[in-house]
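Working notes, beginning with the structure itself.
The values are calculated or read from the model by the stated rules, or taken from the named source; none is laboratory data. A quick note: this is a predicted structure, and the numbers were derived from the prediction, not measured. As a convention, Cβ positions derive from the backbone with ideal geometry for all residues, glycine included, and neighbour counts pool all protein chains shown.
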Amino acid sequence: MTAEATPAPRTTTPSPSVAGPSSTWAVDSDHDLGYFGPGSISWKVLSAPAVPLMIAQITHLLEAPHVDFQSVLLDHDPLYPTNPKRQRSWRGDPATKGGRITDRLRRTVVGPLPIIFGDRQAARRCAGRLTAYHRPMRGTNTDDGQPYAAVNTDTMLFAAVTIAHGALIAYERYAIQGFNRPRRLPDDQRDQFFAETAELAVLMGVPREQVPVTAQQVADYYRAQSHRYRTREGYFRNQLRTAASQLRWTPADTVVTMAADIVLLATTFLAYGAIPRPCRRQHHIPAVADPLLALVYVASLPIFALLQIRAIGTTIVSAFIGAENADGIRRSQWAASAQMR
């Protein structure tokens with residue numbers, strides 16, 4: 001892998017007529033295939049049914065060792081009992097649990113979809129919405145007195161890198177094709193993927209020259225961030241409190257909503273088996289647990305294999321990310337394939 005690999009986003013010129021309502025973000029092959037398009041590794045990775053089901057959990061585990069992301073969760077995430085403002089999905093009713101984990105994960109997955117699968121105008125609108133949503137998330141780390149902000153350049157870059165890396169891990173660990181186990185992409189395709197997804201960071205305001213564009217550069221970037229990998233006081237305790245709150249039956253629950261919360265908590269445990277071992281150590285997962293996580297991973301593969309059955313994969317993905325968003329992806333793929341024909 002070389003550090004000189006060049007980014008490979010598409011260079012089509014957007015048409016001013018392709019604006020459309022914000023809820024309609026599928027690409028239009030007659031005008032604009034977006035920043036990525038059908039020939040991209042990004043579409044290949046993000047189109048696999050397993051990826052939208054696991055990317056949020058894996059990305060969260062990649063981000064959480066960073067102290068600034070712990071502060072954002074503790075001080076601003078409506079799921080956490082330490083959030084003083086109870087903003088966003090909090091409605092002042094304990095029955096809401098401060099927001100549901102299903103809603104939290106769905107927002108994480110759905111948020112960037114228009115950037116990947118939408119036209120360029122939709123991608124820019126989406127980046128603007130995400131920036132505006134996270135702008136109020138700022139404060140001071142209580143353990144060292146250092147300020148943090150969810151939308152500063154360093155934080156946005158770390159978020160973009162972990163989102164891209166989380167998608168790649170989900171694909172390489174859970175995307176089954178035929179009777180073959182998931183496998184690692186060739187090195188050149190991994191580099192191309194990181195070069196393409198650099199556009200995520202650029203759209204969020206990160207200078208292009210700061211974004212790692214190869215797998216080796218991503219590894220070097222993580223090492224350069226190691227001084228930010230530490231645990232803020234109370235983080236793990238409140239993480240457990242948050243998880244426990246999702247298992248508490250409330251008047252707002254039904255059997256379906258409770259089952260969904262339990263399944264998603266289980267997939268978070270499954271994600272521990274997907275992340276790199278050094279990241280597990282940062283989550284206080286001892287090395288002795290690695291064989292158990294490996295067994296759980298292997299045991300889960302037949303379930304992910306079922307996603308190849310179109311009716312099953314489509315139904316599950318639509319239920320998780322929403323039918324409209326799943327339809328947007330399908331329309332983007334149809335428009336792109338129509339152009340290629």
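Looking only at the stretch 218-265, count how many residues are outside any helix (DSSP H, G or I), in contact with a Leu (Cβ under 8 Å, 6 or more places away or on another chain) and touching a residue at least 60 places away in the same chain (Cβ under 8 Å). Can you show your working first?
Taking the stretch 218-265 and keeping what is outside any helix (DSSP H, G or I), we get 225, 229-234, 247-254.
Now restrict to residues that are in contact with a Leu (Cβ under 8 Å, 6 or more places away or on another chain): 232, 234, 247.
Among the residues that remain, those that are also touching a residue at least 60 places away in the same chain (Cβ under 8 Å) are: 232, 234.
Counting residues in the stretch 218-265 that are outside any helix (DSSP H, G or I), in contact with a Leu (Cβ under 8 Å, 6 or more places away or on another chain) and touching a residue at least 60 places away in the same chain (Cβ under 8 Å) gives 2.
Could you check Leu295 against (1) within 20 Å of the chain's Cα centre (by Cα); (2) at pLDDT 95 or above; (3) surrounded by fewer than 18 Cβ atoms within 10 Å (Cβ to Cβ) and say which number it fails?
(1)
Confirm whether Ile275 is under 22 Å from the mean Cα position of the chain (by Cα) and not in a helix (DSSP H, G or I).
Working: under 22 Å from the mean Cα position of the chain (by Cα): yes; not in a helix (DSSP H, G or I): yes.
Yes, satisfied.
Residues that are in contact with a Phe, Trp or Tyr (Cβ under 7 Å, 6 or more places away or on another chain) and surrounded by 24 or more Cβ atoms within 10 Å (Cβ to Cβ): does the stretch 179-194 have at least one?
No: zero hits.
Go through the stretch 307-341 and count every residue that is charged (D, E, K, R), in a helix (DSSP H, G or I) and at pLDDT below 85.
The first filter runs over the stretch 307-341 and keeps only residues charged (D, E, K, R), leaving 310, 324, 327, 330-331, 341.
Restricting the remaining residues to those that are in a helix (DSSP H, G or I) gives 310, 324, 327, 330-331.
Next, only the ones that are at pLDDT below 85 stay: 324, 327, 330-331.
Number satisfying all stated conditions: 4.
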